[in-house]
1. Do we find a residue being open to solvent by less than 10 Å² (accessible area, probe 1.4 Å), within 21 Å of Met210 (Cβ to Cβ) and not charged (D, E, K, R) anywhere in the range 94-107?
2. In the range 140-185, which residue that is open to solvent by less than 50 Å² (accessible area, probe 1.4 Å), farther than 22 Å from Glu223 by Cα and not aliphatic (A, V, I, L, M) is nearest to the chain's Cα centre (by Cα)?
3. Search the range 84-93 for residues being in a strand (DSSP E or B) and of a type outside the set (A, V, I, L, M), and hand back the single one that is most open to solvent (accessible area, probe 1.4 Å).
4. May I ask you to say which residue of Ala2, Ala79 is modelled with pLDDT under 95 and surrounded by 13 or more Cβ atoms within 10 Å (Cβ to Cβ)?
5. Condition check: assigned to a loop (DSSP other than H, G, I, E, B) and either under 22 Å from Glu161 (Cβ atoms) or modelled with pLDDT under 95 (or both). Does Gly46 satisfy that?
6. Here are some conditions: (1) crowded, with 21+ Cβ neighbours inside 10 Å; (2) hydrophobic (A, V, I, L, M, F, W, C); (3) more than 18 Å from the chain's Cα centre (by Cα). Met65 meets all but one. Which one does it not meet?
7. Filter the range 152-184 for residues that are over 17 Å from Arg230 (Cβ atoms) and in contact (Cβ under 8 Å) with a residue 40 or more places away in the chain and give the result.
8. Could you go through the range 26-35 and let me know if any residue there is in a strand (DSSP E or B), in contact with a Pro (Cβ under 7 Å, 6 or more places away or on another chain), open to solvent by 20 Å² or more (accessible area, probe 1.4 Å) and modelled with pLDDT of 95 or more.
Amino acid sequence: MAANNLPKPLPCESVAVQLEPTDGTLPASLGIEVPGGRVERVLEQGIRLPHRHTALYSTADPYQMAAEFHIVMGERVLARDNLDVARVRVRNVKWSGAGVPQIEIAFEVDKQGLLTIAAANKDKKSTEMLAHVALPTVSDTMVRQAQADAEAHRDEDAVHERNIETMLSGYYLMDQAYERFALAKRRMNFVQKRAYKAARKRLSRALSVMPPEATPATMAELEAALDNFRAVYDAMADDYRAVKSWWDKK
């Protein structure tokens, strides 16, 4: 349901989308696409209106000068399968490493269902915001169709959720391994270091397949790579503790 070839976004301070609440609640969940093509929910279906929510985001890559936020509505796991609502682009982002800039996205829905989306660049005195609204109005019919689609693909989305959980566990383990290897390598021999680097390279390669493109074969390789890397990670424990004890005594 996500649009491709969008027209050039226009400068603005905020964007507005008209929803059609039938019972005073949000008719469908609102989310933002995050790296990997999955959806991070920011407003859950059924919350009472009016409602306001703010969320703080940062950059995914080092030294980004702009950040784009793809807003979707629906209950599907992947952004591409939901209603494409709008894209907000914030320019003049702080020039720094990934995860450092602070960009606040505010979502406000009044009783009549008017959704307002605004951005604030917390590192600058002013915010340069561009936006494209794909759906100026999200009708009740659109929402019902999206709900029916989510119900029809419930099993498929359950598979996507399991795949994403596995991928996130892989990213988390790799982050944990940075610190452990940084100390443990002072006691590790050449063979151990080579085994760690090979396992890490294999896991990184397996994680390069994003959720929308994941297949049973790529997930099987990811599971195997994760098990292999976990074994290498666990094997570093004694060396890590020994080196850490040296540092603690200093």
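1. Step one: of the range 94-107, the residues open to solvent by less than 10 Å² (accessible area, probe 1.4 Å) are 101, 103, 105, 107.
This time we only want the ones that are within 21 Å of Met210 (Cβ to Cβ), so: none.
Looking through the range 94-107, none of the residues is open to solvent by less than 10 Å² (accessible area, probe 1.4 Å), within 21 Å of Met210 (Cβ to Cβ) and not charged (D, E, K, R).
2. Just the residues of the range 140-185 that are open to solvent by less than 50 Å² (accessible area, probe 1.4 Å), to begin with: 140, 143, 146, 149-150, 157-158, 160, 163-164, 166-167, 169-170, 173-174, 177, 180-184.
Within this subset, residues satisfying the condition of being farther than 22 Å from Glu223 by Cα are 140, 143, 146, 149-150, 182-184.
Imposing the further condition that a residue be not aliphatic (A, V, I, L, M) reduces the set to 140, 149.
Values: Asp140: 27, Asp149: 22 Å.
The selected residue is Asp149.
3. In the first step, residues of the range 84-93 are kept if they are in a strand (DSSP E or B); the result is 84-91.
This time we only want the ones that are of a type outside the set (A, V, I, L, M), so: 84, 87, 89, 91.
Details: Asp84: 7, Arg87: 49, Arg89: 87, Arg91: 102 Å².
Ranking the candidates gives Arg91 first.
4. Matching residue, one of Ala2, Ala79: Ala2.
5. Values: assigned to a loop (DSSP other than H, G, I, E, B): yes; either under 22 Å from Glu161 (Cβ atoms) or modelled with pLDDT under 95 (or both): yes.
Here the answer is yes, as Gly46 does meet what is asked.
6. (1)
7. Matches in the range 152-184: His153, Asp157, His160, Glu161, Asn163, Ile164, Leu183.
8. Taking every residue of the range 26-35 in turn, none turns out to be in a strand (DSSP E or B), in contact with a Pro (Cβ under 7 Å, 6 or more places away or on another chain), open to solvent by 20 Å² or more (accessible area, probe 1.4 Å) and modelled with pLDDT of 95 or more.
The values are calculated or read from the model by the stated rules, or taken from the named source; none is laboratory data. Quantities reported herein were computed from a predicted structural model and do not represent experimental measurements. Please note: Cβ atoms are built from the backbone with ideal geometry, for glycine as well, and neighbour counts cover all protein chains shown. When the accessible area is computed, the model is the full protein with side chains, heavy atoms only, and any ligands, DNA or RNA have been set aside. Shrake-Rupley method; radii C 1.70, N 1.55, O 1.52, S 1.80 Å.
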